Amino acid sequence: MRTKKNRREARQYAFQLLFANEFHSDQVDVQFPEGDVPKDMDTEYAKSIVQGVLANQNTLDQQLQPFCKSRKVEHLDKVDRTILRLALWEMTNDRESLEPSITINEAIQLAKVFGSDASYKLVNAILDAYNKSK
């Protein structure tokens, strides 16, 4: 049985891998460290997030751009950009349909943990605007 905790840990783990990828030009460098995986984490979900975001990064950025009014997606802070890509992938590609409010809330929680003091506001504004446009 999968719980919210399992998915939250999966998102956090996927975020960390995707964020690390921001510093590598070759996606082959990003690997799942087997020894550091929490036992109760939904590992398959984490892998699907990472693979989905990496495979669709340009498309995700194009979908986000109209809602990033003040700057281009590629100029956003790496933490914020990674969280936005992850959340948008979940909103658009998750086979198990989640309520957008859940995905947005999870992204806000990631931003509060890993981002700057203003990150969660930016993430919320962009994802909320995207969701309302659908």
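The values are calculated or read from the model by the stated rules, or taken from the named source; none is laboratory data. All values derive from a computational prediction rather than experimental measurement. For neighbour counting, all protein chains shown are included, and Cβ atoms are generated from backbone atoms with ideal geometry for every residue, glycine included. To get the accessible areas, we keep the full protein, side chains included, count just its heavy atoms, and leave off ligands, DNA and RNA. Shrake-Rupley method; radii C 1.70, N 1.55, O 1.52, S 1.80 Å.
Could you grab me the full set of residues in region 87-117 that are without any contact (Cβ under 8 Å) to a residue 24 or more places away in the chain and open to solvent by less than 60 Å² (accessible area, probe 1.4 Å)? Result: ASP94, LEU98, ILE108. You will find that of VAL37, VAL30, VAL53, the residue that is open to solvent by less than 50 Å² (accessible area, probe 1.4 Å), out of contact with any Asp or Glu (no Cβ under 7 Å at 6 or more places or on another chain) and at pLDDT 90 or above is VAL53 and no other. Note on region 1-25: among residues that are open to solvent by 70 Å² or more (accessible area, probe 1.4 Å) and modelled with pLDDT under 70, the one that is farthest from ASP61 (Cα to Cα) is MET1.
Restricting the first member to region 66-80 and to residues that are within 19 Å of PHE114 (Cβ to Cβ), and the second to residues that are open to solvent by 80 Å² or more (accessible area, probe 1.4 Å) and assigned to a helix (DSSP H, G or I), the beta-carbon pairs closer than 9 Å and six or more apart or on different chains are CYS68/HIS75; VAL73/GLN62. Selection of region 67-81 for residues being open to solvent by less than 80 Å² (accessible area, probe 1.4 Å) and either aromatic (Phe, Trp, Tyr) or within 16 Å of TYR130 (Cβ to Cβ) (or both) yields PHE67, CYS68, VAL73, LEU76, ASP80, ARG81.
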